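The values are calculated or read from the model by the stated rules, or taken from the named source; none is laboratory data. It should be emphasised that the depicted structure is a prediction, and the values quoted were computed from it without experimental measurement. Every residue, glycine as well, gets a Cβ built from its backbone with ideal geometry; the counts of neighbours run over all protein chains shown. In case anyone asks, the SASA skips ligands and DNA or RNA and just uses the protein heavy atoms, side chains included. Shrake-Rupley method; radii C 1.70, N 1.55, O 1.52, S 1.80 Å.
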Amino acid sequence: MTAREIVDRVRAGKLDHETALDMLTGAPAAEVDSALQTTLETEFDRLFRNGWQPAELHRAVARRGNPIQADIAADASRNFQKNRSPVDPRWRAQADALPLSQDRRRPDRIAVLDAKLSLLTELRQLPPIEILVPPPGTPLTTVPHHSDRRILDRVRALLAKAEATDFSAEAEAYSAKAQELITRYRIEEITAPAVDVTPFARRIGVDHPYENEKASLLDAVSRANNCRCVWTPELGFSTIFGFDADIDAVELLYTSLLVQANRAMTRDEPAKGKARVKAFRRSFLVAYAIRIGQRLRETAEREMAGHSDLLPVLRNRDIQVREAMNKVFPTTVRARGSRVDSLEGWESGRAAADEAQLR
């Protein structure tokens with residue numbers, strides 16, 4: 001078989017990449033490189049045209065731990081936007097921000113071939129997903145951004161202070177003020193003169209380890225801020241449905257709370273025993289997510305007190321968000337909760353959530 005035929009069989013799933021590597025090792029280098037490059041470009045094009053954004057696809061590839069493959073994905077994103085017009089600014093910003101491997105040593109040719117063949121096998125298994133940002137070369141869709149950037153900047157600054165301090169009381173105060181600003185802004189947005197605002201979606205990556213527990217925290221933050229969250233574990237991200245300002249708040253809060261949780265978890269975890277540490281961390285994150293969800297809802301309810309006239313508007317917005325979610329995910333399955341095997345971790349997680357409470 002020619003190099004092209006071998007690569008095509010790998011792409012079709014009719015030949016495993018280890019066998020293909022043995023067959024391609026002795027083939028002419030130029031022929032092999034051309035076949036692999038063309039086929040990988042075809043797969044990247046298919047994924048970019050079917051919903052995958054640069055940051056998402058790079059993350060999906062980088063999760064496998066091979067820097068050669070991560071660099072290939074980054075280059076593919078940058079190359080895909082060349083000679084295509086128009087290019088959505090969000091798509092371009094993601095592609096231009098992708099990092100390259102810090103290891104500048106030239107990899108061994110066999111390692112490169114193995115990485116490309118393995119990547120080809122991985123890419124062909126990725127499914128189409130919902131197009132949230134139009135890919136380069138397709139008409140732009142204008143999604144009105146109604147968040148007040150000044151409010152978000154203030155929230156971001158408060159959360160940065162909460163992350164930086166070593167004093168739990170200070171972290172609590174900063175985080176509480178951030179949630180208050182978010183809820184007050186939501187009230188201002190709802191009571192503002194009517195504008196054409198509709199819910200939409202954004203995907204947020206959820207990194208391992210403890211992905212299920214982190215996804216639970218993201219879900220808790222989403223629900224407290226009038227959003228809905230669908231976790232897709234096989235692809236490593238959650239899709240958040242909601243209104244613009246609410247999704248911004250969810251992303252900021254989740255990122256900050258996760259930083260605070262990791263710091264508290266590392267501080268309190270047991271010193272010895274790999275299994276014990278693992279059970280502690282999982283139990284910690286389960287308790288943390290539950291408690292944070294309770295605190296966020298309490299804060300939102302307190303800020304909304306006295307605005308009973310807004311209840312019909314809030315119900316209508318919730319219906320719109322649910323309809324947007326059901327359109328993309330007509331069937332969802334409630335995930336099984338994580339096991340709590342460490343009382344020590346559970347109690348520590350609840351205590352850390354109390355320290356980061358948002359009143």
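Quick one: helix 244-268 against the long Cα principal axis of the chain, what's the angle to the nearest 10°, folded into 0 to 90?
The angle comes out near 90 degrees.
For the chain, with only Lys/Arg (+1) and Asp/Glu (-1) charged at the beta-carbon, what is the dipole magnitude about the Cα centre, in debye rounded to 20?
260 debye
Considering only protein heavy atoms and a probe of 1.4 Å, how much of the accessible area of the chain is carbon and sulfur, as a whole percent?
51 percent
So what's the angle, to the nearest 10 degrees on a 0 to 90 scale, between helix 29-49 and the longest Cα principal axis of the chain?
Taking the Cα atoms of the chain, the angle to 29-49 is about 30 degrees.
Mind checking the angle between helix 109-124 and the chain's longest principal axis? C-alpha axes, 0 to 90 degrees, to the nearest 10.
Helix 109-124 sits at roughly 60 degrees to that axis.
Which of these values of Rg and Dmax of the Cα atoms in Å was calculated from the structure shown: [x] 21.1, 66; [y] 19.9, 62; [z] 23.2, 76?
[z]
Rolling a 1.4 Å sphere over the protein heavy atoms, what is the accessible area per residue of the chain, to the nearest Å²?
Using a 1.4 Å probe on heavy atoms only, each residue of the chain averages 51 Å².
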